[in-house]
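Since every read-out is calculated from the coordinates, none of them should be taken as a lab result. The structure displayed is predicted, hence computed values, not measured ones. Glycine gets a Cβ as well: all are built from the backbone with ideal geometry, and neighbour counts include every protein chain shown.
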Amino acid sequence: MKYLKSFAIVLLSTILVNILFSSLCYFNIIGNNTNSVLKLLSILVFCFISGLYIGSKSINNGYLEGIKVGSIIILFMILLSYLGFNNNFNIIKLICYVLILLVTVIGSIIGINKKEKK
């Protein structure tokens, strides 16, 4: 259940923020390149927050919890990208997937270290 909540944090937050950034791009307030960078940064920020959440809920081995949540997020993105939109694989996407995994793991490590000891 905690993985579902963590995944929902990333999914819903990212969708809402990306709709906002896409609207700003549609009305020519921000450019296309800025829109792409802001979308990547929003995904990374919400993955970090998700890692913090899952790290604070876990008992030990925060990095393993971060790997699990990061893998779930990456798997969803791969399935959506390749099955839903029929996009091709490239090295930029691989770098983004590795960044997502690293940020989620770092967030979970920080989350498990910041939680109060009982």
Problem set entry | Angstrom value of the Kirkwood radius, inverse mean 1/r, which spans all Cα pairs in the chain | 14.8
For this session: Provide Ile15, Ile110 in ascending order of the number of other Cβ atoms located within 10 Å of each residue's Cβ, fewest first.
Result: Ile15, Ile110
Exercise. Residue-wise, which Karplus ³J(HN,Hα) couplings in Hz belong to region 80-94, taking 6.51 cos²θ - 1.76 cosθ + 1.60, θ = phi - 60°, and x for glycine or proline?
Worked result: 5, 5, 8, 8, x, 10, 6, 7, 8, 7, 9, 5, 5, 5, 4
Problem set entry | All Cα pairs of region 55-118, percent lying beyond 19 Å | 40
Exercise. How many nm separate the modelled label positions at Thr34 and Ile95, each set 7 Å beyond the Cα in the direction of the Cβ?
Worked result: 2.2
For this session: Considering the options Asn32, Ser58, Tyr82, tell which one lies farthest towards the positive end of the dipole of region 1-114, charges being +1 on Lys and Arg and -1 on Asp and Glu at the Cβ, about the Cα centre.
Result: Ser58
Seminar exercise, completed: Descending packing, highest mean Cβ count within 10 Å first, for 6-13, 46-53, 86-93, 31-38 is 46-53, 6-13, 31-38, 86-93
Exercise. When you count, for each residue, the other Cβ atoms within 10 Å and take the mean per peptide, how do 72-82, 97-107 rank with the highest first?
Worked result: 97-107, 72-82
Exercise. What value, in deg cm²/dmol to 500, does the helix sum -39500 (n - 2.57) over DSSP H runs of n ≥ 4 give at 222 nm once divided by the residues of the chain?
Worked result: -27500 deg cm²/dmol
